[in-house]
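The values are calculated or read from the model by the stated rules, or taken from the named source; none is laboratory data. All values reported here derive from a predicted model rather than from experimental measurement. Every residue, glycine among them, receives a Cβ derived from its backbone with ideal geometry; neighbour counts consider all protein chains shown. For the accessible areas, the whole protein counts, side chains as well, though only heavy atoms, and no ligand, DNA or RNA atoms are used. Shrake-Rupley method; radii C 1.70, N 1.55, O 1.52, S 1.80 Å.
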Amino acid sequence: MKKIINYLGFALLTALLFVGCKKENQSEKAQSTQMENIQVSDYGVTAKGDSIKKYTLTNKNGMKVEVINFGGIITSLTAPDKDGKYEDVVLGFTKPEGYFNGNPYYFGALIGRFGNRIANAKFILDGKTYDIDKNDGPNSLHGGKEGFHTKIWTIEPIGNAEAPSLKLTYVSNDGEEGYPGKLTTTVVYTLTKDNALEIAYEATTDKTTVVNLTQHSYFNLSGKFTQPITDHELQLDADQFLPVNGTLIPTGERRNVAGTPFDFKTPKLIGKDINSDDEQVKLGKGFDHNWILNGTGLRKIATVYHSGTGRVMEVSTDQPGVQFYSGNFLDGKFDTKTGGKNEHRTGFCLETQHFPDSPNETSFPTVVLKPGEKFQSKTIYKFSVKK
Ligand code: BGC
């Protein structure tokens, strides 16, 4: 009997050792594969002397996403066309200095603390008035001049063999750009095996504050950055949008899109109504408005299709709004990555977010974040082909 027990004990020990070794091998394998699908290289040096790195995520299909630790900026993102050809479909600068010295268009950047505009660059929270950076006429835009798009983020490569991920972290001190509270933000970019870029945001604060995080990539699914995006077809799952005043601040009205140029409920060319005489189109110099998305929770809210290349981009989010911006302020001042200049309307943004000026508009969903709470949000840009 004793012999049998000894024998069983020995067998159990051997089995445990075997499983343990196997686990170790697997995790070693995961690490080396992770290195294979995330490449790190030197990108450039800022005027302040910070060395910036570029992280290239690659999936099994050959799709690539390039991210730098300056502004969490996506400098390149490739997507297949109907012939299986992967091309870069996001606007960007040809030289690092374009991003480092102001990035006037916010190309590819992470936006915070507050995406979009806050009227008159001020808001009241718990009875106290906060004056924030005025960088857009009378208003504050995209977190102020030194918003998150100008900050150096800590990047940690994570993820696995199938889906490389980067975890970006930035700690914004109490009072930065006028906002209250020390805000810790993490953003995880994941490139999935089915050609989607998932963006997961989290933020916590040590004092009551406001937060509205988004991503400011401009897309041109043609892969040719001098071609206007007016030939792209857009479908937006939104019955209403937010009309704006002359400085692009929502008036508070929620207007039905039916019968207006803002109706993208069924697919429509971006160019179809972009030069309409509609007062709101004129105020936006094209489309530069927030649509109130139908439904709640993570759901598909937009589809963009470019018939020339067959490229399709589907956007899903859990946010209440999306700023559809048709690149009206692109002004041909910079070279594009495919030659020529960044001309008017050669890129569009679908910035998922809370409504603009929410801190001042009590009828909008709240953007207040309190100590002990966690802001969490997810947006997915998925690329495919329609033949
Ligand atoms: C805004 C535009 C602004 C652009 C800056 C967009 O989110 O809606 O009005 O010009 O960002 O590049």
Using the Karplus equation 6.51 cos²θ - 1.76 cosθ + 1.60 (θ = phi - 60°), what ³J(HN,Hα) coupling, rounded to whole Hz, does each residue of the range 269-282 give in order, writing x for Gly and Pro? 5, 4, x, 4, 10, 5, 10, 5, 7, 3, 4, 5, 5, 5
For the range 44-385, dividing by residue count, accessible area per residue (probe 1.4 Å) in Å² works out to 37
Per-peptide average of other Cβ atoms within 10 Å, ordering 279-287, 202-210 highest first: 202-210, 279-287
Expressed as an acute angle from 0 to 90° and rounded to the nearest 10, what is the orientation of the C-alpha long axis of helix 2-37 relative to the principal long axis of the chain? 30
Rh (Kirkwood, all Cα-Cα pairs) for the range 44-385, Å, reads 20.1
Output ³J(HN,Hα) for the range 251-263: one whole-Hz value per residue in order, computed from phi by the Karplus curve 6.51 cos²θ - 1.76 cosθ + 1.60 with θ = phi - 60°, and x for Gly and Pro. 7, x, 6, 10, 9, 5, 7, 3, x, 10, x, 8, 7
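Could you tell me what percent of the accessible area of the range 55-99 is made up of carbon and sulfur, with a 1.4 Å probe and every protein chain present?
C and S fraction of accessible area: 49 percent.
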Rounded to the nearest angstrom and ordered from largest down, what semi-axes does the equivalent ellipsoid of the range 211-331 get from its C-alpha gyration tensor (root of 5λ)? 21, 18, 14
Among 179, 240, 385, flag the residue with its Cα farthest along the positive direction of the charge dipole of the chain, charges on Cβ as +1 for Lys/Arg and -1 for Asp/Glu. 385
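For the range 39-133, which trypsin sites (Lys or Arg not before Pro) are in a loop by DSSP, counting at most 16 other Cβ atoms within 10 Å? It would help to have the intermediate numbers written out before the result.
Working: sites: 48, 53, 54, 60, 64, 82, 85, 113, 117, 122, 128; in loops: 48, 60, 82, 85, 113.
Within the range 39-133, the qualifying trypsin sites (Lys or Arg not before Pro) (loop, at most 16 other Cβ atoms within 10 Å) are 48, 60, 82, 85.
About the Cα centre of the range 44-385, what is the dipole size in debye to 20, counting +1 per Lys and Arg Cβ and -1 per Asp and Glu Cβ, all else neutral?
Using only the charged Cβ atoms, the result is roughly 500 debye.
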For the range 324-381 versus the range 152-179, the gap between their alpha-carbon centres in whole angstrom: 18
Quick one: among 50, 237, 126, which has the greatest mean-square fluctuation in a GNM of the chain with alpha-carbon springs under 10 angstrom? 126
Calc'd 3J(HN,Hα), the range 329-336, phi into Karplus 6.51 cos²θ - 1.76 cosθ + 1.60 (θ = phi - 60°), Hz, glycine/Pro = x, comes to 9, 5, 10, x, 7, 10, 6, 9
Of the peptides 139-146, 270-277, how do they stack up when ordered by the mean number of other Cβ atoms within 10 Å, highest first? 139-146, 270-277
Set 224/337; 300/337; 64/145; 82/268, cut-off 19 Å on Cα-Cα distance; pairs above it are 300/337; 64/145; 82/268
